[in-house]
1. Just how far, in whole angstrom, is the range 62-92 from the range 206-276 if you go by their alpha carbon centroids?
2. If you place +1 on the Cβ of every Lys and Arg, -1 on the Cβ of every Asp and Glu, and leave all else neutral, what size is the dipole of the range 63-153 about its Cα centre, to the nearest 20 Debye?
3. Against the longest alpha carbon principal axis of the chain, how many degrees, from 0 to 90 and to the nearest 10, is the axis of helix 295-304 turned?
4. Place +1 on the Cβ of every Lys and Arg and -1 on the Cβ of every Asp and Glu in the range 137-265, take the dipole about the Cα centre, and give the residue among SER251, ILE182, TYR203 whose Cα lies farthest towards its positive end.
5. Which percent, nearest 5, of DSSP beta bridges in the chain are antiparallel?
6. Compute, for the chain, the length of the dipole vector about the Cα centre, with Cβ point charges of +1 (Lys, Arg) and -1 (Asp, Glu) only. Units Debye, rounded to 20.
7. For the range 137-265, with only Lys/Arg (+1) and Asp/Glu (-1) charged at the beta-carbon, what is the dipole magnitude about the Cα centre, in debye rounded to 20?
8. From the residues VAL225, ALA263, ALA299, which one has its Cα farthest along the dipole of the range 189-320 in the positive direction, the dipole being from +1 and -1 charges on Cβ of Lys/Arg and Asp/Glu about the Cα centre?
Amino acid sequence: MLIANNEKISLDKKEAGATIDFISHAHTDHMSALSTARSILSSYQTIELIKARTSSSNLFNINLDFSELGIKLLDSGHILGASQLFYYNEQKSQSILYSGDFQMQSPFIGKRIETKNADILIIDSTYPDPEIKFEENSETKKKIQDWVLEKIETGNIFFGSYSLGKAQDIIKILNEIGIIPIVNRQTCAINRVYINFGEDLKYASVYEADSGYDEIMSKNFVGIVELGRLNSLKIELTKAYKKRAYTAVASGLTKIMKFNSDATFELSNHADFEQSIEYIEKVAPKKIFTYGTNKDRFARNLAKLGYNASPFESNELNKV
Ligand SMILES: [Zn+2]
């Protein structure tokens, strides 16, 4: 937890005693505090995305006026609205930066990460190992486009994807080659928020009138579906349309997990280890706390390179 002007601010998780809960972005693994939060600190985009994704009755507690706490949100380049939290503690003359999920590459949608010097960095540890290295986003994009253009000649294509973030990246990548994908209801709701914030996404859905759904479905098409339904849908739709169905997963997780699909693409909106080092060098902190599931491994790997890094514990910031 972070203490700012007597407020106890939790960082992307439910913590007993928190007076404000910071939700860095609208991925569900960062929203656990939503059900009990007294006051939520988030970007405008994140709040709209949370509304589109949940029926939480807690959203009336959203606190949008947090500038008086000495807190600033900075884009993190992860998904629409994803933010880092910067806090300057005047009494201690000490600055703290919490990364949330971030990437250093240019995202397909939204703004690039904004970095800032800080004395203390609390950094996400999704990819803690130096061996994991993502290719350039532009390279992955080209691979996806080439594969889709080839396969769509002989069948339908299904991408298994999360409905927030990755789905919109895939839509953007497909739009560039003139393809309008079919999406499910949940993705539609999220797309509308992206469009309201000025993003250009062309998609079709049975849930949206005048989106060209029937026309697109009359030829070979690309669908974006829930990852868990990818293979059952492949069987159902091969039967229904009597033509081949090709499946693909586009995720950074394809680097560390096996997926049962015809193709995998390492489309990530997280920093790999090398990008994390680039970020750390830009922030130039005196002390690094690693945060999240892989915090122990990440801290060990950073310490090996000479960084002053240790895993974050809840009361850690009181000691520095
Ligand atoms: Zn995320």
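1. Here the answer is 35 Å between Cα centres.
2. Working: 10 positive and 16 negative charges, 34 e Å.
Computed charge dipole of the range 63-153: roughly 160 debye.
3. Helix 295-304 sits roughly 70 degrees off the main axis of the chain.
4. Result: SER251.
5. Values: 13 of 46 bridges.
Close to 30 percent.
6. Values: 38 positive and 41 negative charges, 125 e Å.
Once rounded to the nearest 20, the dipole reads 600 debye.
7. Values: 18 positive and 15 negative charges, 103 e Å.
About 500 debye.
8. Highest projection toward the positive end goes to ALA299.
Bear in mind these aren't lab numbers, they're just calculated from the coordinates by the rules spelled out. As the structure is a prediction and not an experimental result, all values here were calculated from the model. A quick note on method: Cβ atoms are made from the backbone with ideal geometry, for glycine too, and the neighbour counts reach across all protein chains shown.
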